[in-house]
Amino acid sequence: MNKSNKILKYLAFCFAIGVCFLFGNQVAAQRVAASPEYIKALTPEWKGERFPDGRPKVSDALLERLKAISIEEAWGVLRNKGYNNQYEGDWQIILPEEVMTGRVVTAQYMPLRPDFQNQVKAQGVDVEGRSPKGGTNSWPIDILTNGDVYVADGYGKIADGTLIGDNLGNSIYAKSQRGVIFYGSVRDQEGLSEIDGFNGWIKGQDPSFIKEMMLTTINHPIRIGRATVLPGDVVLAKKYGVIFIPAHLLEDLVLTSEVTGLRDEFGHQRLREKKYLAGEIDSEWTEAIKKDFLDWLNNYPGKLPMTKAELDAYLKERNY
């Protein structure tokens, strides 16, 4: 064997060792909970503050304003931006008349497979330092912070698929001051309904305990019915359904929806006054109607949902 061949074989050997080391590290680094780096890679369009776990940290003020936005308005804004799969309906709601908004923490559950569950438990306990006591369905709850909404894919399992009861419900509310959205079920709904401030959007309830299912991931992408949900999304949950909003779209969605609401209020008022025909309000507005709308805004009798500066900037950039 000549010297050149020896060098090539040595380089190939080094490359093979490097590949094994690289992929060996990747396998060892597989986590139950997504790393901050992974969450940042999932949400690159968010340019604002983040939590230590990497999730976008939208402002509390926007979460509060979002409560007044209708499901249809939010859905319309997202659809216009090409986000067609962010809505899920047909829920059982613990407190149907209440509205919930918050920052999403995701969890995924699957039918139990012992070897996979053993790997999840070993990774969670030995590597990530999670609690060895109780079931793994408590792990997503342990990481909740104020303003978080626990969103879980329980693959629609009802009997023996109850992800929480009232004990875990109390823990969820103590940490997040919010509730849950489960594509699955809960137990002790009566007890959950007695937790002041707690709410839940669920697919069912059952007196059974969780059985033959396992937690697989925390803060990874999940599916909730028709919707694709990422950690750090913002949720708007009402009795009319649930919308999952990418964090980087929230500010524009709220402002656009607020202006749409004002346009509708103005249009309804002018129709009641018989100042314009329905066709004039439903089609592109004339310059006269636009001017009337601006005058109406300047003399708005209540408190506008946005600042005057936000409204002026919005109207300046759009043909309303």
Here's a check for you: in the range 121-140, which residue that is free of Cβ contacts under 8 Å to residues at least 12 places away in the same chain and of a type outside the set (A, V, I, L, M) is surrounded by the most Cβ atoms within 10 Å (Cβ to Cβ)? Ser131
Given the range 158-226, what strands (runs of 3 or more DSSP E) lie entirely inside it while holding 2 or more residues that are over 19 Å from the mean Cα position of the chain (by Cα) and of a type outside the set (Gly, Ala, Ser)? 213-218
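Restricting attention to the range 78-106, which residues are over 14 Å from the mean Cα position of the chain (by Cα) and surrounded by 21 or more Cβ atoms within 10 Å (Cβ to Cβ)?
Selection gives Trp91, Ile94.
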With the first residue restricted to the range 40-51 and required to be of a type in the set (Gly, Ala, Ser), and the second required to be part of a loop (DSSP other than H, G, I, E, B), Cβ contacts under 7 Å at 6 or more apart or on different chains are Gly48/Lys57
Give the range 60-95 a look and list any residue that's farther than 14 Å from Pro246 by Cα, in a loop (DSSP other than H, G, I, E, B) and touching a helix residue (DSSP H, G or I) at 6+ places or on another chain (Cβ under 8 Å), or say none. Ala68, Ile69, Ser70, Ile94, Leu95
When the residues of the range 267-294 are narrowed to those that are among the polar types (S, T, N, Q) and assigned to a loop (DSSP other than H, G, I, E, B), which ends up nearest to the chain's Cα centre (by Cα)? Ser283
Would you check which residues across the range 295-311 are under 29 Å from the mean Cα position of the chain (by Cα) and surrounded by 15 or more Cβ atoms within 10 Å (Cβ to Cβ) and list them? Pro305, Met306, Glu310, Leu311
Qualifying positions in the range 144-162 - crowded, with 19+ Cβ neighbours inside 10 Å and among the aliphatic types (A, V, I, L, M): Leu144, Val149, Val151, Ala152
Being touching a Phe, Trp or Tyr at 6+ places or on another chain (Cβ under 9 Å) and either small (Gly, Ala, Ser) or part of a loop (DSSP other than H, G, I, E, B) (or both): is that true of Tyr155 here? yes
Which condition number does Asn118 fail, the rest of (1) crowded, with 17+ Cβ neighbours inside 10 Å; (2) free of Cβ contacts under 8 Å to residues at least 24 places away in the same chain being met? (1)
If I ask for residues that are touching a residue at least 60 places away in the same chain (Cβ under 8 Å) and over 23 Å from Pro56 (Cα atoms), which ones from the range 242-276 would you list? Val259, Thr260, Gly261
Tabulated pairs, the range 182-200, first in the same structural domain as Val105 (by TED's automatic domain parsing) and β-branched (Val, Ile, Thr), second crowded, with 24+ Cβ neighbours inside 10 Å and not in a strand (DSSP E or B), C-beta under 7 angstrom, 6+ apart or interchain: Val186/Leu163; Val186/Ile164; Val186/Leu192; Ile195/Gly169
Kindly list, by first and then second residue, each pair from a residue in the range 68-88 that is touching a residue at least 60 places away in the same chain (Cβ under 8 Å) to a residue that is of a type in the set (S, T, N, Q), limited to pairs with Cβ atoms under 7 Å and residues at least 6 apart or on different chains. Ile69/Ser257; Glu73/Ser257; Glu73/Thr260; Ala74/Ser257; Val77/Thr256; Val77/Ser257; Leu78/Gln86; Asn85/Thr228
I'd like to check something: does the range 44-59 contain any residue that is in a helix (DSSP H, G or I), surrounded by fewer than 18 Cβ atoms within 10 Å (Cβ to Cβ) and either in contact with a strand residue (DSSP E or B) (Cβ under 7 Å, 6 or more places away or on another chain) or not assigned by TED's automatic domain parsing to the domain that holds Lys239 (or both)? no
For Arg65, state whether it is charged (D, E, K, R), surrounded by fewer than 18 Cβ atoms within 10 Å (Cβ to Cβ) and in the same structural domain as Ala152 (by TED's automatic domain parsing). no
Let me spell it out: the conditions are (1) over 25 Å from Gly197 (Cα atoms); (2) part of a loop (DSSP other than H, G, I, E, B), and Glu98 meets all of them except one. Which number is the exception? (1)
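Mind telling me which of the residues Arg272, Arg318 ends up being of a type outside the set (Gly, Ala, Ser) and at pLDDT 95 or above?
Arg272
The values are calculated or read from the model by the stated rules, or taken from the named source; none is laboratory data. As the structure is a prediction and not an experimental result, all values here were calculated from the model. Positions of Cβ are generated from backbone atoms using ideal geometry, with glycine treated the same way; all protein chains shown enter the neighbour counts.
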